[in-house]
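Shown next, in structure tokens, is the structure this report addresses.
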Amino acid sequence: MIVRSHLPWPLRWIAFALMLGFSAALGLWAFEFGKSIAGLDRSAKAELAALRVEVEKLRSEREGAQSIANTAESLLRTEKVAQERLAQQLKQVETENLGLKADLGFFERLLPSTGAEGLSVRALQAHAQSATQTKFQALLMQIGKNQPEFVGRYEIQLSGSLDGKPWVYPQPGGPRLLQIKQSLRLEGLIDHPETAVVKTLQIKVTDKQGTVRVTQTVKL
């Protein structure tokens, strides 16, 4: 014999309704929980995107600062090079000034206290530079006040002996152009045969018309 318990139909429907309600509540909780998880993921993505933008901004600012630093360093190097160049130029100018002062003293010692006005040759010097070269130096000056610029030519001539015979040797290339306002320093080398015996050197200055204005000879 089997004994079965029977619930009334109303109670069965109430239990079934409770089960359905519980299942619905569980489903709704799971849905809301999933929504919250999805929201957190979207927030994290948005924050990550903002961080990436900030990183790019910082990288751009760093590159800009590095570019400014490089430019400043380049400008400093350029300024240093310019200062060194100016220092060299200043030293060169000082050296030139010393040379000009020495030349001025040399000229002042050669200036005559009295004498005739006009073009003159001062301090003519010559010596053998080598067996085939003779070096000369001369100072040409215009004596007097308000002298006009002199334009003409000068010629150097060597004389002596060559192979036991008298020898005269004009400067190769012929007369040279000459322009003097107050003074002019001349110097140069004259090539000649090795067997030549140079005894004298003469400088001759002519004007534009070819008239000899001054000559001077020096012995070696």
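Each value in this text was obtained by applying a stated rule to the coordinates, not by laboratory testing. These numbers were taken from a predicted model, which means no experiment stands behind them. Note: ideal-geometry Cβ built from the backbone for every residue, glycine included; neighbour counts use all protein chains shown.
A few comments on the model shown:
- Between Lys181 and Gln137, the distance separating the two model label sites (each 7 Å from Cα on the Cα→Cβ line) works out to 2.4 nm.
- Electrostatic bookkeeping for Thr134 treats Lys and Arg as +1 and Asp and Glu as -1; over the other residues with beta carbon under 11 Å from its beta carbon, the sum is +1.
- Near Gly174: Cβ cut-off under 9 Å, other residues only, Lys/Arg at +1 and Asp/Glu at -1. The net charge is +1.
- Sequence ranges 47-53, 156-162, ranked by mean other-Cβ count within 10 angstrom, highest first: 156-162, 47-53
- Hull volume in cubic angstrom per residue (convex hull over the Cα atoms of segment 116-219): 95
- Additional length obtainable on full extension of the chain from Gln157 to Ala72, 0.36 nm per residue less Cα span: 24.3 nm
- Extension gain for the segment Gln147 to Asp191, taken as residue separation times 0.36 nm less the Cα-Cα distance, is 12.4 nm to one decimal.
- Cross-link pairs Lys135/Lys208; Lys91/Lys145; Lys135/Lys204; Lys145/Lys199 - those with Cα-Cα distance over 28 Å: Lys91/Lys145; Lys145/Lys199
- Using a simple spin-label model with pseudo-atoms 7 Å out from Cα toward Cβ, Gln209 and Glu96 lie 3.9 nm apart.
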